[in-house]
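Below is one structure; the comments refer to it alone.
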Amino acid sequence: MAEKSHVNIETVRYYEKRQLIPEPPRTEAGYRVFSLEDVDRIKFIKRSQELGFTLNEIKKLISITDNETQFDSEEVFQFATQKINEIEAQIKDLEKIKVVLQDLSAQCAGTGSSQCGCPIIKSLTGGDNNG
């Protein structure tokens, strides 16, 4: 299962524990027997993570899509739109962080000892309120 899904076996166990995949039946010897749907589910989870969805969000997506006869495209659209808004906010925050680090780096000589009063360290320790 893990090999077919291109994940670690511990990942499979974790997804099972988080109830993202159903607990599979076991053979008499105790081996878990997974279906092709389980492989597809894990691929769905991994792809969703790549797009920035958390495991809790993925669990909700799975619950929305599990019952295909009552699948609500509008709900999935709203879910994706909310994620886009969150990503845009994260990008803005990262841009602000980048500007602060660029400013601090521009102030840093990049040479000398720790006694020289490095503006980056000063900022991180609260000695300078540039950021």
Can you spot a residue in segment 91-104 that is in contact with a Leu (Cβ under 7 Å, 6 or more places away or on another chain), at pLDDT below 90 and farther than 29 Å from Met1 by Cα?
-> no
In segment 1-43, how many residues are part of a helix (DSSP H, G or I) and among the hydroxyl-bearing types (Ser, Thr, Tyr)?
-> 4
Can Asn8 be described as out of contact with any Pro (no Cβ under 7 Å at 6 or more places or on another chain), closer than 28 Å to Asn85 by Cβ, open to solvent by 70 Å² or more (accessible area, probe 1.4 Å) and without any contact (Cβ under 8 Å) to a residue 24 or more places away in the chain?
-> no
Do we find a residue being at pLDDT 90 or above, under 30 Å from Pro119 (Cα atoms) and open to solvent by 90 Å² or more (accessible area, probe 1.4 Å) anywhere in segment 48-68?
-> no
Within the bounds of segment 17-30, is there any residue that is on the phi > 0 side of the Ramachandran plot, exposed (fewer than 10 other Cβ atoms within 10 Å of the Cβ) and of a type in the set (Gly, Ala, Ser)?
-> yes
Identify, by number, the condition in (1) in contact with a Leu (Cβ under 8 Å, 6 or more places away or on another chain); (2) without any contact (Cβ under 8 Å) to a residue 40 or more places away in the chain; (3) open to solvent by less than 60 Å² (accessible area, probe 1.4 Å); (4) within 24 Å of Glu86 (Cα to Cα) that Arg41 doesn't meet.
-> (4)
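The values are calculated or read from the model by the stated rules, or taken from the named source; none is laboratory data. The structure displayed is predicted, hence computed values, not measured ones. We place every Cβ from the backbone using ideal geometry, glycine too, and count neighbours over all the protein chains shown. What goes into the accessible areas is simple: the full protein's heavy atoms, side chains included, and nothing from ligands, DNA or RNA. Shrake-Rupley method; radii C 1.70, N 1.55, O 1.52, S 1.80 Å.
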